[in-house]
Structures are given as C-alpha cells and as structure tokens.
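See below for the structure under consideration.
The values are calculated or read from the model by the stated rules, or taken from the named source; none is laboratory data. Values in this document were obtained by computation on a predicted structure and should not be read as measured data. Cβ placement follows ideal geometry from the backbone for every residue including glycine, while neighbour counts extend to all protein chains displayed.
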C-alpha cells in the first residue's frame, strides 16, 4: 500500500509539472496579447486559431537552435545553471496544497521560503560562469535585489504565520472565512510589490536591464538554455499569483473563483509591465531597506500582539 501511495504521489507530481509547463506556455501568449493591445496592435494571431499555437512554435524554434557557449566560460556551471533554475521553480509548486495525492507539507511555507532562496544562486552562478562583464553585473544586481526583498517577504509571511499559528498553506483556507486582504490590506500591497521584485519583473527587472546591461545575466545564453531561464521566470509568476491568492484572497483551491483570481493576478503582473517604466536601482534599495523592512517589522509585532491578546482573553 505504501508503494502504491508513493507511485500516486509521483504520478500527481509529474502531472502537476506538465500542467504548469502548459500553463506558462499560454501565459507567454497571454502576455504578448495584452502588451499588444496596450500598444494598440494585435499581438500573435497567425499561428493556429488566434495565435494559440504560437508558444509551441516558439518552443520548437528555441530548442532546435544551435547551442553556443563562450569559449572562456566555466562550462559545467554555465550549462547546468539554467536547468537547475527551471527545476527549482517547478519544485516550488510542490508546496501548493492539493486535495488528492501529493506532498502534504506541515511546513509548506518554510519549504517555499527555502527553495525560493536557493534559486538566487543559479542566477548568480549563471551570471558569473558566463565570463562576461554584463552578465556578471546582471547577476550581482539580481542577488542584491532578491536578498533585499526576501527579508520583507519573510516578515510578511511571518505575520500570517502568527495569525494562523501554522506553517502550512492548507491551514490558510480554514482561517479565511473573511479574506486576509481586508484585515491586512497594506501588507497585501507590499506583498504584490515584493512579488514583482522577487520574479524580476518590471518595474524591478534590473537583472535584465536592456538599456544598461544588454540583456543582464542571461546575455550569453541562447537556444534551450535561454528558453529554460525564460520558462523559470514565467513559472515563478504563475506561482506567485497562486501563493498571493492562497495567502490573502480566500485560498479555497476547490473553488472556480480561486482560479479566476489567479488569472487576474497574472494579468496584473503583465499589466504592470505594459504600464510602468523601470525603477532606478538606488531607489529600489532605499525602498527595500528603509521603507518595506521597518513597516513589515512593525506589522509583524502588531499582528503578534493581536494574536497574543486573542489567546489570553
């Protein structure tokens, strides 16, 4: 029986990864369509019905192109970093609660924080191993940015942990008869901005600043390696939309409304890209350390005291 359970968990895990890969393929099409309409044009509409086959055409083109690599690069690190980057972003999906056979974590929030922290190393090492000044600068920027925002990200999550007294995402469903977005609205807004920075998206896409760094840490990558970095980014966007919905907007994964909210949050990520210009790097650091860190710390103390008063009285 135990072996059968393991087999079912493995099959569910594979099925989840395949569905995520299909979802992120259509997220890229969705993004190109939205950006097209923002810029008063159509976007992809030729390949298949209204461009539905465009993501698969792009994937075939990217993975069939010749793989080039810099002559003086650290080849093994250069080659494996994009693979590990994609693996880590897909591995993060295992923390999402399921009703069927899946990994059921009592510490899924801790797992989410741990794996998302490790993904910084793949970006840093891919920038360093390329042996290019531009990619190294992009990697360094990305590391500084992610470390800055992860501190406030952890503090926001800790506020929720104190309210539910659990480290399990699943328990958030039980406690959200009234959505946390109403009682924690400032933290929700901070979470969204932090999520944009965590996924390296506009207006915080400093790791990929075209105007200064050509293409950032991935400037030397081509073909399948570039496609894997690209897929990891969009997988992270979908994941952050899921996690945001679980944390603040009900978290009822058995409801259709949950997936509509996830779709809207994914649209929000794209909408911000089409609307806002890139932030200045020193202002980002100022925002992270001098604004978000003290505010999230104060909210953490506030919600901890609220929970303590509730338990005592």
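All but one of (1) crowded, with 16+ Cβ neighbours inside 10 Å; (2) at pLDDT below 90; (3) part of a helix (DSSP H, G or I) hold for residue 304, so report the exception by its number.
(1)
Among the numbered criteria (1) closer than 26 Å to residue 31 by Cα; (2) touching a residue at least 60 places away in the same chain (Cβ under 8 Å); (3) under 16 Å from the mean Cα position of the chain (by Cα), which single criterion is violated by residue 87?
Every listed condition holds for residue 87 apart from (2).
Among the numbered criteria (1) assigned to a helix (DSSP H, G or I); (2) over 24 Å from residue 39 (Cα atoms); (3) in contact with a helix residue (DSSP H, G or I) (Cβ under 9 Å, 6 or more places away or on another chain); (4) at pLDDT 85 or above, which single criterion is violated by residue 260?
So the condition that residue 260 fails would be (3).
May I ask you to list the residues in segment 27-54 that are on the phi < 0 side of the Ramachandran plot, surrounded by 14 or more Cβ atoms within 10 Å (Cβ to Cβ) and in a helix (DSSP H, G or I)?
Within segment 27-54, 27, 28, 29, 30, 31, 32, 33, 34, 35, 36, 38, 54 meet the criteria.
At least 1 residues that are in contact (Cβ under 8 Å) with a residue 24 or more places away in the chain and surrounded by fewer than 17 Cβ atoms within 10 Å (Cβ to Cβ) in each: list the helices (runs of 4 or more DSSP H) lying fully within segment 124-191 that qualify.
Answer list for segment 124-191: 133-164.
State whether the residues of segment 197-206 include one that is under 30 Å from residue 75 (Cβ atoms), in a helix (DSSP H, G or I), over 13 Å from the mean Cα position of the chain (by Cα) and in contact (Cβ under 8 Å) with a residue 12 or more places away in the chain.
There is at least one residue in segment 197-206 that is under 30 Å from residue 75 (Cβ atoms), in a helix (DSSP H, G or I), over 13 Å from the mean Cα position of the chain (by Cα) and in contact (Cβ under 8 Å) with a residue 12 or more places away in the chain.
If you check residue 261 against the conditions, is it in contact (Cβ under 8 Å) with a residue 24 or more places away in the chain and either loosely packed, with under 15 Cβ neighbours inside 10 Å or on the phi < 0 side of the Ramachandran plot (or both)? Break it down into steps so the answer makes sense when it comes.
Values: in contact (Cβ under 8 Å) with a residue 24 or more places away in the chain: no; either loosely packed, with under 15 Cβ neighbours inside 10 Å or on the phi < 0 side of the Ramachandran plot (or both): yes.
No: the conditions fail for residue 261.
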